[in-house]
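Enquirer: Got a structure for you, written out below as C-alpha cells; questions coming shortly.
Coordinate-derived values only; no laboratory data. Just so we're clear, the structure is a prediction, and the values are computed from it rather than from any experiment. Positions of Cβ are backbone-derived with ideal geometry, glycine not excepted, and every protein chain shown enters the neighbour counts.
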Amino acid sequence: GTAGFLESAGYPAPTLMAILIGMVEFFGGLMIAAGFMARFAAVAVAVFMAFAVLFHLDNGFFWTARGYEYPVLWGIAAIFFAVKGGGAYSIDGKASA
C-alpha cells in the first residue's frame, strides 16, 4: 500500500505519513466541499500538493507519465479556496452571516 511505497522511496515513518496523507486528502476534501473551515483545510491540501509536486518532479509535467500536472491543478484549486474561502453558501459563510 501507500506505506510500503513511501518506505521504498526512503521516507521516514512511512506508516504515519500514509495515515496523515489519507487524512489530509479525505477530510481536507470534505471540509473544502462543505465549506467548513475551508481556508484551513485548503492550506493543508495546498501544502500536501506542494510535496506531491516535488515527489513527481522527475517524471515531467504530464500525468500520463505520473508527472506533476495533477498535483499542480489541485494545488492551484486549494490555493484559490485558501484565499477566497468557501463562499456565501458554505457552512463558514452561513455561520458568519
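Enquirer: Divide the volume of the convex hull of the Cα atoms of the chain by its number of residues and quote the answer in cubic angstrom per residue.
Expert: 97
Enquirer: Mind giving me the nanometre distance, one decimal, between the label points for N59 and V24, set 7 Å out from Cα along Cα→Cβ?
Expert: 1.7
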